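*Asks:* Starting off with a structure, shown below.
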Amino acid sequence: MSAPFPHRHLLGIEPLTAEHIVSVLDTAEAMREVLGRPIKKVPTLRGRSVVNLFYEASTRTRSSFEMAERVLSADSLSIATATSSVQKGETLLDTAKNLEAMNPDMIIMRHGSSGAPHFLARHCRAAIVNAGDGFHEHPTQALLDALTLRQKKGRLEGLKVAIVGDVLHSRVARSNALLLTKVGAKPVLCGPPPLLPVGVEQYAPATTRLDEAIEGADAIMMLRLQRERMSGAFLPSTREYHELYGLTVERVKKAKPDVVILHPGPMNRGVEIASEVADGPYSVILDQVTNGVAVRMAVLYLLLGGSGGEA
Amino acid sequence: MTPPRGFRERLCLMDAARLDRTLSRMAAEICERHPDTARLLLVGVHTRGVPLAQRLAARLPVRPVVGSLDITLYRDDLTTIAPHPLTRGTAIPVAIDGRVVIVVDDVLFTGRTVRAALDELVDFGRPARIELAVLCDRGHRELPIRADYVGETVSTARDEIVEVRLSDEDGEDSVWLLEPAPVPAVTPPPPPPVERRPAAKAVPARKAAKPAAQRARVAARRKPAPRRKR
Amino acid sequence: MSERLLLRGGRVIDPARGVDGAFDVMIEHGRVAELGPKLPPRGAAVRDVTGCLVAPGFIDIHVHLREPGREDKETIATGTRAAARGGFTAVCAMPNTTPVNDSAAVTRFVMDRAREARSVRVYPIGAITKGSLGEELAEYADMQKEGAVAVSDDGRPVGSALVFRRALEYAKGLGLVVIDHCEDPTLSHGCCMNEGPVATRLGLRGAPAVSESVIVERDIALAELTGGAVHIAHLSTAAAVDAVRRGKARGVRVTAEATPHHLLLTDELVREREYDTSTKMNPPLRNERDRLAVLAGLKDGTIDCIATDHAPHTVDDKRVEYDQAAFGIVGLETAVPLMIDRVVNAGHLKLGQLVERMSTAPARVLGLPGGRLAPGDVADVTVVDLKRRARVDPEAFASKSRNTPFGGLELVGWPRLTLVGGRVVFDATESAAG
């Protein structure tokens, strides 16, 4: 029997070992089977309560978590706050205390400030799952990407994975680079110099040349380019960005023939990715959606299945 | 295979030959009740129910479909055990509606595993009938559940363990009765226990120990196997 | 209170006069009467300070007392008590209050409050520009008349080089030093820690070291141009230390200070403490290379003095998301033990050098009284028990605020007695008993 999952929270990929990551992926694989059943519901987390606390709009991630909660029969409550409430009204601490009074078993949090889930973990008894914090981490996204890759390639070890785009502002890039390195894959980070953060090499080798990143890649992960980056003097124009870093059919040819293309969505067609590529045979975006639910089920199960991790 | 921590072998309930004979007998009983074995669905409960289901299926005239159940997601004690990654998973390869499903497990004890298996099965559809086949019924039921096919009925103490070892998983075919090992002595190894000592501390929560006083009589009186057919 | 006090058995260090030895100090009518070995008490109250450092009063030229405006964070009364408890006999109050101290009225208010507090001396610093908005010069002479000792827009830099040039010129005429908070806000906008691998890992916006040094370079160039005196506040980067060193070598009237936290901590702490907001200050904690450069600058005299940048904040301003938390930590009550235990006892600085950096130099930089312990001098005296070992206990702070990353740290060398004009404003033995 495999070892118990020793974590109380999922705040990031950073604290996980390769073994823990594989545990989550294996469990997610078992959860995928549940999603294929006629009755997509198991009683596993009956009576356990989960709060989805979303400070940033995110239909995709939130609905994925909600689906996972329902399939596992957890009672869930979603709170969406358009903006950080610090300016107008309640502080995060007060929100935390209010939630605490409801005694939830788990809080899933998306927040614009890096480290906000750590803050919550300090002030709540509930298990905390980071559903994306600032530019820090988005662990469940990295786990679902890894699951998708493992399904497509049969392994993660040794895979060359190009992570391309706005690495500076991307929690997805950070979590993915950490995860892939831990499990023995070879991520390469790529983007225009203003969008590669200082010390990016701590994650993985980095390059500013797209062709170099894609050369012989088993997978390409395209990051979303936020249009507001144009105003921060990061880039002159989306047109020039596409010219230099957009993924086109021509460029994909430099990768391995069976290359897989991932995108955390939502996509900017014609900016980071050409439509022909997005709709092409390499795209695994739909697998990513199913795997998203399965991975989140696995995380819920592993964090809530017992009496809350380590006693 | 070594017994779990805190336990030691007390009695061999079945050796390989006996296990083989028992399975053949059970297969015969199944065949007697359901002559059209091709229509059956055998579902093994992880871990040892799965190879047992396969062995039973192999002994039937027409091999039925074999599935597997990982009942972890249906357990009623998840809040008290540490969560383990799911690595086995459930696989029901055919639609179960209208079929006769035989759930196969190694040991029938409290009945809770079977309860979970039944709950899980009905989430896959509406079978015509569900039956239960177990290699060993050791008593101590906590739910109103009985088996339709029983390899052996064994009288056990509550804190003992019936351990089924199968070559697929464990490298040998046998069934053992394990008893709590005495607290390890400091100096000379204790003589074979005439009188039982209090149970060792490390008893898995899964098959929790009751106080020693509550234990049943020691003898492992095996009922003669009901041999209806030869 | 006795008119005569004899400090007996301490180690007296007065860098201004090259004194370092076992002397008794007799204080009479608020002044140092006599220094010498084994002085007879002659009816004076005797304090045995064996094993203690006896030094001219420590002066912290960079303190935020928050009054007027944010009395929930600190008041002049609590801030000066914290200073006394921390071994300081005088503090300079930064003008970024509400309203900003950009007029004689506010300066007078601060002076009045300080007198009422009857604790350590308070020297107000006036604003460089009205409202510290960086546009029009404030009225320096008016503020000086009321007691202002320097000008600064601390908390923000003077963005316009022209305005800064005028400030230097105008202040020069009045003999005032211009203290600048060196930061290019276009480079540091929205940042909450140091730019580098740690900020990248934590996903926090980092301000590059250059955002400090470009303004330091500019300020030194303008001081050179105008002949005015510039003092660089809370210097934190290797490049800025280098700029000051070069400026001094050219004879530019530039001085600089460093805080204990920039001497002792790095941005790694933000990661270690998992976004603990008591690691958030401006300038931010830098990397190890910067830290060592600041330490080296302190050793070789490039950095003239230690200042705490005491920045009290309420729990509410700190117990929030990291990027939303207020900048700054309190420093008055931890500076002395930190400097003794982690800098002097760690071998980076001699005790005499520390006294120079905490008393003589700050007095010299801003032209303040004090910084010397000679017969006839006003008896502002700091006595530090060099042997006392204790943990930093934020709950025991006299300050209204508790925002420190040093809570729980065990340190050796704590203030024992603080005298202002011969009057005891802090006595560790009393507070221990009480």
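The values are calculated or read from the model by the stated rules, or taken from the named source; none is laboratory data. This structure is a prediction, so every number in the text was calculated from the model and none was measured. Cβ atoms come from the backbone with ideal geometry, glycine included; neighbour counts cover every protein chain shown.
*Asks:* Considering only residues that are away from chain A (no Cβ under 13 Å) and outside any helix (DSSP H, G or I), look in segment C:201-231 and name the one that is farthest from the chain's Cα centre (by Cα).
*Replies:* Taking the candidates together, the pick is C:G227.
*Asks:* Would you be able to say whether some residue in segment A:92-104 is touching a Cys at 6+ places or on another chain (Cβ under 9 Å) and within 14 Å of chain C (Cβ to nearest Cβ)?
*Replies:* Yes.
*Asks:* Additional query: Of the residues that make up segment A:248-256, is at least one closer than 19 Å to A:L149 by Cα, modelled with pLDDT under 90 and surrounded by 19 or more Cβ atoms within 10 Å (Cβ to Cβ)?
*Replies:* No; the residues of segment A:248-256 include none that is closer than 19 Å to A:L149 by Cα, modelled with pLDDT under 90 and surrounded by 19 or more Cβ atoms within 10 Å (Cβ to Cβ).
*Asks:* A:L180 fails exactly one of the following numbered conditions: (1) surrounded by fewer than 23 Cβ atoms within 10 Å (Cβ to Cβ); (2) in contact with a strand residue (DSSP E or B) (Cβ under 7 Å, 6 or more places away or on another chain). What is the number of that condition?
*Replies:* Looking at each condition in turn, A:L180 falls short on (1).
*Asks:* Please work out if C:L187 is surrounded by fewer than 18 Cβ atoms within 10 Å (Cβ to Cβ) and within 14 Å of chain A (Cβ to nearest Cβ).
*Replies:* yes
*Asks:* Just need a number here: residues in segment B:76-115 that are farther than 19 Å from A:E29 by Cβ and either charged (D, E, K, R) or more than 9 Å from chain A (Cβ to nearest Cβ) (or both).
*Replies:* 23
*Asks:* Looking at the structure I just gave you, is B:T47 more than 7 Å from every other protein chain (Cβ to nearest Cβ), in a loop (DSSP other than H, G, I, E, B) and among the hydroxyl-bearing types (S, T, Y)?
*Replies:* yes
*Asks:* Taking the options C:T78, C:T97, C:T89, name whichever one is under 14 Å from C:A148 (Cβ atoms) and under 21 Å from the mean Cα position of the chain (by Cα).
*Replies:* The match here is C:T97.
*Asks:* For segment C:133-143, enumerate the residues that are closer than 19 Å to C:G69 by Cα and surrounded by fewer than 22 Cβ atoms within 10 Å (Cβ to Cβ).
*Replies:* C:L133, the sole residue that qualifies.
*Asks:* Restricting the first residue to segment B:120-131 and requiring it to be at the interface with chain A (Cβ under 10 Å from one of its Cβ atoms), which pairs with a second residue that is among the aliphatic types (A, V, I, L, M) and assigned to a helix (DSSP H, G or I) meet a Cβ separation below 7 Å and a spacing of at least six or different chains?
*Replies:* B:E120/B:I71
*Asks:* As an exercise: evaluate C:E395 against (1) within 28 Å of C:N282 (Cβ to Cβ); (2) surrounded by fewer than 19 Cβ atoms within 10 Å (Cβ to Cβ); (3) assigned by TED's automatic domain parsing to the domain that holds C:R66 and give the number of the one condition it does not meet.
*Replies:* (3)
*Asks:* Please pick out the residue among C:T279, C:T314 that is within 14 Å of another protein chain (Cβ to nearest Cβ) and under 15 Å from C:V198 (Cβ atoms).
*Replies:* Going through C:T279, C:T314 in turn, just one is within 14 Å of another protein chain (Cβ to nearest Cβ) and under 15 Å from C:V198 (Cβ atoms): C:T279.
*Asks:* Scan segment C:238-258 and tell me whether some residue there is buried (at least 24 other Cβ atoms within 10 Å of the Cβ) and in a loop (DSSP other than H, G, I, E, B).
*Replies:* No: segment C:238-258 contains no residue that is buried (at least 24 other Cβ atoms within 10 Å of the Cβ) and in a loop (DSSP other than H, G, I, E, B).
*Asks:* If you scan segment B:126-163, which residues turn out to be charged (D, E, K, R), part of a loop (DSSP other than H, G, I, E, B) and either more than 21 Å from B:L42 (Cβ to Cβ) or touching a helix residue (DSSP H, G or I) at 6+ places or on another chain (Cβ under 6 Å) (or both)?
*Replies:* B:R138, B:R141, B:E142, B:R158, B:D159, B:E160
*Asks:* From the set of residues in segment C:158-184 that are small (G, A, S) and surrounded by fewer than 19 Cβ atoms within 10 Å (Cβ to Cβ), which is nearest to the other protein chains (Cβ to nearest Cβ)?
*Replies:* Filtering segment C:158-184 for residues that are small (G, A, S) and surrounded by fewer than 19 Cβ atoms within 10 Å (Cβ to Cβ), the one nearest to the other protein chains (Cβ to nearest Cβ) comes out as C:G159.
*Asks:* What's the number of the only condition in (1) at pLDDT 90 or above; (2) more than 14 Å from every other protein chain (Cβ to nearest Cβ); (3) in contact with a helix residue (DSSP H, G or I) (Cβ under 7 Å, 6 or more places away or on another chain) that A:D287 fails to meet?
*Replies:* So A:D287 meets the others, but not (1).
*Asks:* For segment A:25-47: of the residues being more than 8 Å from every other protein chain (Cβ to nearest Cβ) and charged (D, E, K, R), which is farthest from B:T87 (Cα to Cα)?
*Replies:* Result: A:R46.
*Asks:* Which one is nearest to the other protein chains (Cβ to nearest Cβ) among residues in segment A:117-136 that are under 21 Å from A:V172 (Cα atoms) and not hydrophobic (A, V, I, L, M, F, W, C)?
*Replies:* So, considering only residues that are under 21 Å from A:V172 (Cα atoms) and not hydrophobic (A, V, I, L, M, F, W, C), the one nearest to the other protein chains (Cβ to nearest Cβ) is A:H136.
*Asks:* Any chance you could count how many residues in segment B:56-65 are surrounded by fewer than 24 Cβ atoms within 10 Å (Cβ to Cβ) and either outside any loop (DSSP other than H, G, I, E, B) or facing chain A (nearest Cβ under 8 Å) (or both)?
*Replies:* So the count comes out to 4.
*Asks:* Can you tell me which residue is surrounded by the most Cβ atoms within 10 Å (Cβ to Cβ) among those in segment A:160-174 that are of a type outside the set (V, I, T), within 14 Å of another protein chain (Cβ to nearest Cβ) and out of contact with any Leu (no Cβ under 6 Å at 6 or more places or on another chain)? Please lay out each step first, then the result.
*Replies:* The first filter runs over segment A:160-174 and keeps only residues of a type outside the set (V, I, T), leaving A:160, A:162, A:165-166, A:168-171, A:173-174.
Subset that is within 14 Å of another protein chain (Cβ to nearest Cβ): A:166, A:168-171, A:173-174.
Restricting the remaining residues to those that are out of contact with any Leu (no Cβ under 6 Å at 6 or more places or on another chain) gives A:169, A:171, A:174.
Values: A:H169: 22, A:R171: 22, A:R174: 29.
That would be A:R174.
*Asks:* What are the residues in segment C:232-247 that are over 22 Å from C:R364 (Cα atoms) and either under 21 Å from the mean Cα position of the chain (by Cα) or of a type in the set (F, W, Y) (or both), if any?
*Replies:* Residues satisfying the conditions are C:T237, C:A238.
*Asks:* Search segment A:48-70 for residues being touching a strand residue (DSSP E or B) at 6+ places or on another chain (Cβ under 8 Å) and basic (K, R), and hand back the single one that is farthest from the other protein chains (Cβ to nearest Cβ).
*Replies:* Among them, the one singled out is A:R62.
*Asks:* Take the residues in segment A:185-195 that are within 14 Å of chain C (Cβ to nearest Cβ) and buried (at least 20 other Cβ atoms within 10 Å of the Cβ); name whichever of them is nearest to C:G206 (Cα to Cα).
*Replies:* Selected residue: A:L195.
*Asks:* Tell me, yes or no, whether segment B:76-95 has at least one residue that is outside any loop (DSSP other than H, G, I, E, B), in contact (Cβ under 8 Å) with a residue 40 or more places away in the chain and over 16 Å from B:Q54 (Cα atoms).
*Replies:* no
*Asks:* What is the number of the single condition among (1) crowded, with 23+ Cβ neighbours inside 10 Å; (2) over 24 Å from C:A167 (Cβ atoms); (3) out of contact with any Lys or Arg (no Cβ under 8 Å at 6 or more places or on another chain) that C:A148 does not meet?
*Replies:* Condition (2) is where C:A148 drops out.
*Asks:* Let me ask another. Please note which helices (runs of 4 or more DSSP H) are completely contained in segment A:204-311 and include at least 1 residues that are hydroxyl-bearing (S, T, Y) and out of contact with any Leu (no Cβ under 6 Å at 6 or more places or on another chain).
*Replies:* Qualifying helices (runs of 4 or more DSSP H): A:238-245, A:275-278, A:285-304.
*Asks:* Checking the condition surrounded by fewer than 24 Cβ atoms within 10 Å (Cβ to Cβ) and free of Cβ contacts under 8 Å to residues at least 24 places away in the same chain, which residue from C:A22, C:A45 passes?
*Replies:* C:A22
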